[in-house]
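Notes for the one structure printed next.
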């Protein structure tokens, strides 16, 4: 074994161990969200803190830095081995990126940020409950400052090529900066805002047949059947209940999703089951050679979201899908018998202006994101003073969505993200919609009988296409590279806008 | 802070971290037994192996040895601090014992033993299925040899004060050797064997009303109600389903038990729920100053078993208990309405000779253990050749229990323990019965209206007595010390024998 081979093998061993530790921590977190007894929280936090410290110390050890140094600088071909396979070069690229990101933050900064984050989240919970933005403001300022410093440690801002906000966006969307995002958000803002106003002027389709009690146990049985119909292999995962639906990877063959069963909201469990299954399919389908390595991961938050939203919206909210599924759903819930496919399709696609992001429909969702993007951009360019956020929020809501919140609790205080310092996270949600429709355009070209396949419920053709075009890459490619590889194009708003406009003009007769 | 104080604080930090890691591993194991998807096993094994290696390396580091050395030799008062509180001296005693036990085994021996154990268990599974002892024999010989060497590394055998078998017994029952155990097992063998023959000659009470299908979902609801009636605070634990019932501690306030619901065996879920609740009460009740330390543990396997068996048998199989619980059970299972307390009490206390240990009743159970104890003793003294085990097993079964297995699968191959090298483990089960009845004698003297309390279902008085007399010690005292502290006596068979003889003479009219 050459010295390079041995360094590479050692890096793989470190990576493998750190990934196993991360999965072990994920098991503890999954349990915390699903089954942990009420009073078990305190010990669980300490257990998680210890696992995270061990994994962090192992990954960030000088040994890792030394071994990465021996492999040469990336992405150039490593010293002494011109023939290193491309897979290994991608491995080193990802490892070095994660290593640099971790070691560039001084440990006293990390500790201070963790502490401030805890206080800030607690303050946000109270402030939202009391509808008191001013109580949250000092914490928000601290979190903005910490995020700025974090990006600066990584080399953004202060005269570098990328802005501070570019640095923050890069955590979630490697390779995507504020300029590129801003360019696609502009036409979305304009055209969807206009569409939403037209929709608001039309009468809403009848959805009164959904305004009933739907037995949570039967919802659970249907969700189980649904995930399997979509192609979820339950030997490799499971569905449980948690307060907020999520997907987590506890092992290469152990991907778990959760949902919740609200008696008066049947659609909530159905669409969260489909959404989380979409995340799970990605995690379940990385190729064998990536198993257990850091490359067995989604390309980005937004690419991951493109998969969950593709399944939830493009498939799950389509007429062909319900052509196949409505009779199944009716067999679980006889009260829905007699509802026509057309009525049901229109009822699950109700759209209109809304105040709350997480309750928004397909048309207004991206507009909620654009509002947040614009505010975040202003905060980090210095054009916006945090104290002005409540007023700016209301004004932008009116401009973009045509509604205005009566309280800050339903306005600027509605999301947890900023209290955690997760600036730059929101855009990924909307980028997911764009990526998803760009992929879909290609998929539909490759699978011309897509609608018939969906109506038949034969999703394996779709699963295979996604595997062969997207999942096989893991996180070897950044979002722009992956888009290019799959579609031949850079980021575009057009496929998404065409899809939304065509679908909702049809439903609302516009 | 003196140098001693600082060493002690460091030892506490190591202990705390290792215990948190052990609990994290316990979460992964619990999940493996309850919810892990079928194909998740492979990654889970690797995750567990990594956690165990990290915890082992941390605990067995030269740093731990150096710090223990600085604290002086135990159990004498540590150097330089005559006033170290007793709690800290107990802490050091337990830590040093565990440290010595771990570091005295060479790492190549540990690796070889782990590998041999894996092969041996797999061979046992096949041999039992094929009823082929000879296929298992070479593995059994290896496991005996490894266990002998393990005890020798710890300083047993070869002219030391304790025998090799003493060394193995000490893993599970610190302070109990083969001489002490043998002395109490002799009268049990004689008197219970005689009682069993008398019982076998009597007609069995009618239990046909239990030979029905009992809906697993209703069994589950009843088990949940039952554990709470006993005093299980479900904010600090839970009940789930697994193939084999167990109790596990995932945190100071997170103790989980499992059971299983066999449609045709209602008693199985009921008594395993009570048994595991008994284990859980012990783990839930260590005093605050032991939380998170290695002292928050049962005094021994047998002392733990004394608690589970006390709840399962002394309470759960008693007439007063069913006086209170039978109406509740009948409300869950209307088919049992009309069954009298007397009939039910006799049906749950069926006794008689049996072939299989894990299906044995209160009378024959200890006899199964005594058989294994005698064989283990002979194996390690060299008086028994492993090849002769099948024949010896059959002969002893006939002598002690009055029945003979037709196959080795139902005889010498029935238990997993020897295939894992867990020699010395079996006696703890029977010791649990003895400890339990010695404690009960004292408890009943302190709580004279015990029967009335049990009938009323007011278990808090009993819980408090157990807390104040047993649980408060954690593992600060060895079993002989704890027995002395609680009862003023050494290990005795008499209380257990009197209890069994009196109870079953009554039931069977002997």
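Observations on the model:
- The three principal axes of the C-alpha atoms in the range A:1-103 carry coordinate ranges of 56, 24, 23 Å, sorted with the longest axis first.
- Descending semi-axes in Å of the range A:342-472, equivalent ellipsoid built from Cα gyration tensor: 36, 19, 11
- Note on residue B:206 and residue B:395: the model spin-label points, each 7 Å out from Cα along the C-beta direction, lie 4.5 nm apart.
- Projected onto its three principal axes, the C-alpha set of the range A:221-260 covers 25, 24, 11 Å, listed from the longest axis down.
- Put simply, the C-alpha atoms of the range B:1-57 give a gyration tensor, and the ellipsoid matching it has half-axes of 33, 10, 4 Å, longest first.
- Note on chain B: antiparallel DSSP beta bridges, both residues inside, total approximately 50 percent of the bridges counted.
- Extension gain, residue B:10 back to residue B:467 (0.36 nm per residue minus Cα-Cα distance, nm): 161.5 nm
- Sequence ranges A:469-482, B:450-463, ranked by mean other-Cβ count within 10 angstrom, highest first: A:469-482, B:450-463
- Equivalent ellipsoid, the protein assembly as shown (semi-axes from 5 times Cα gyration tensor eigenvalues, Å): 58, 36, 28
- Distance from the C-alpha centroid of the range A:183-208 to that of the range B:239-284: 55 Å, rounded to the whole angstrom.
- In chain A, the longest principal axis of the Cα atoms and the axis of helix A:494-508 are about 20 degrees apart.
- Cα pair distances in the range B:345-388, grouped into 5 Å bins until the bin that holds the longest one, percent each: 5, 21, 21, 15, 15, 11, 5, 4, 3, 0
- Distances in nm from residue A:341 to the matching label points in the other copies, shortest first (labels 7 Å along Cα to Cβ): 6.6
- Annotation: chain B has a Kirkwood hydrodynamic radius of 24.4 angstrom, from the mean reciprocal C-alpha pair distance.
- Beta bridges per DSSP with both ends in the protein assembly as shown, % antiparallel, nearest 5: 50
- 0 to 90° range, to nearest 10: angle between helix A:266-284 axis and chain A longest Cα axis: 30
- One Cα centroid belongs to the range B:328-373, the other to the range B:81-147; the line between them spans 34 Å.
- Mean separation of Cα pairs under 8 Å and 6 or more residues apart, divided by the residue count, gives the range B:1-102 a relative contact order of 33 percent.
- Rg/Rh ratio calculated on Cα atoms of the range B:90-142 (Kirkwood radius): 1.24
- Cβ-vector label at 7 Å, residue A:2, separations to other copies in nm: 6.1
- Gyration tensor verdict on the range B:157-270 (Cα atoms; rounded if a/c is under 1.5, prolate if a/b is larger than b/c, oblate otherwise): oblate
- Relative contact order (%) - the range A:29-153, alpha-carbon pairs under 8 angstrom, separation at least six: 17
- CD proxy at 222 nm, helix term only [per DSSP H run n ≥ 4: -39500 (n - 2.57); per residue of chain A; nearest 500]: -20000 deg cm²/dmol
- Cα-projected label distance for residue B:337 with residue B:56, points at 7 Å along beta-carbon direction, nm: 5.8
- Tilt relative to chain A, helix A:107-130 - C-alpha long axis, 0 to 90 degrees, to 10: 20
- Label zone (residue A:182, point 7 Å along Cα-to-C-beta; backbone nitrogen cut-off 17 Å) within the range A:377-404: A:377-385.
- Working from Cα pairs under 8 Å separated by at least six residues, relative contact order for chain B is 20 percent.
- Per-copy distances of the residue B:101 label point, shortest first, in nm (7 angstrom along Cα→Cβ): 4.3
Rule-based calculations on the coordinates, nothing more; no lab input. Quick caveat, the model's predicted, so the values are computed rather than measured. Note that each Cβ is placed from the backbone with ideal geometry, even for glycine, and that neighbours are counted across all protein chains shown.
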